[in-house]
Amino acid sequence: MSAAVAAPPDRRVARRRARRRNTGSALLFLSPWLIGFGVFTAWPLIYSAYLSFTDYDVINDPSFIGTANYVELMQDPKIALALGNTLMFTAVQVPLYVLVSLVLALLLNRAGRSAGFYRTVFFLPKMTPPVAVGVLFLLLFNGQNGLINTALGWIGIDGPAWTTDPAWVKPGLIIMSLWTVGASVIILLAALQSVPEELYESARIDGAGFWRQSLSVTLPMISPALFFIVVVNTIAGLQTFDEAYTALFGAGNTTYSNDAALFYVIYLFQQAFQFLNMGYASAMAWILFGLIMAVTVVQLVVSRRLVYYEGEDQK
């Protein structure tokens, strides 16, 4: 009887020891990621938050100045310019990017056996380094002898000065951003191919045509993939830097079109690495972080009404 009473505590001790061993093993395997996250993500975040309250030029030690950087942000006219350029670019580029991705995915969904080849063709541009895309932008959109204006000239259209006319700089960059729709096309294609065929058959029996099927079946069923693409590309749009900087600010480019392409992250980069205002740039980075968080939260709230998740009760 006593042995029977003593057994449960022994089993509990053994289970605790087993859990500790399992936890230790899990932490051991996770340690490379945990160390990398701590060194390259968590610590830079914490330190940049501290720097945003300092006057720091990289050469001298940081000097604490309180909220002066944030006050200066509110008074800097270039902040409003850069933020306006960024928001305008994102507001136009994201819907256009999603629309082009969806159209290409719909075409690929009907491509049959050749779909695999076209998937590869569409995805390859995504592998192009952003700096190369920036250089390609200059070659394609050169106002004098660029390929785009040359092609427009063949049909009697006098192309604009894409890289120097402030009114055409952002449209050119938006068009160029469509170069990398391949990844979104593949995501949407996978979503389209997972839509049950029975839903289309039921819609056809009810007399629904192509557009009604698209609105009532296709879009609701792929709405999670669409929402994911919208969120990811909105965040990417708000952080636009590589292509625009390479094409319009690199190699000492000082044309007057720069103000039209002065995106927020470009101005942040200038403050940090050209003017060495690292404290001011850190404050800019945290303002951008807050903006991205706010936009993402709004998108998440809106998605509750627009995004359909299979298996959930729809109210």
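Here's the yes/no breakdown for (1) out of contact with any Ser or Thr (no Cβ under 8 Å at 6 or more places or on another chain); (2) of a type in the set (Val, Ile, Thr); (3) modelled with pLDDT of 95 or more:
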| site | (1), (2), (3) |
| --- | --- |
| Gly237 | no, no, no |
| Ala251 | yes, no, no |
| Tyr267 | yes, no, no |
| Leu300 | yes, no, no |
| Val307 | no, yes, no |
| Glu312 | yes, no, no |
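When Leu138 is tested against (1) among the aliphatic types (A, V, I, L, M); (2) surrounded by 16 or more Cβ atoms within 10 Å (Cβ to Cβ); (3) modelled with pLDDT of 85 or more, exactly one condition is not met: (3). Kindly evaluate Ala247 against the criterion of being in a helix (DSSP H, G or I), modelled with pLDDT of 90 or more and over 17 Å from Thr90 (Cα atoms). For Ala247, the condition - in a helix (DSSP H, G or I), modelled with pLDDT of 90 or more and over 17 Å from Thr90 (Cα atoms) - is not met. Examine region 11-34 for a residue that is more than 40 Å from the chain's Cα centre (by Cα), over 28 Å from Ala68 (Cα atoms) and among the β-branched types (Val, Ile, Thr), and state whether such a residue exists. Yes: one or more hits.
The values are calculated or read from the model by the stated rules, or taken from the named source; none is laboratory data. From a predicted model like this one, the values you see are computed outputs, not experimental measurements. Neighbour counts are summed over all protein chains in view; Cβ atoms, including those assigned to glycine, are modelled from backbone coordinates with ideal geometry.
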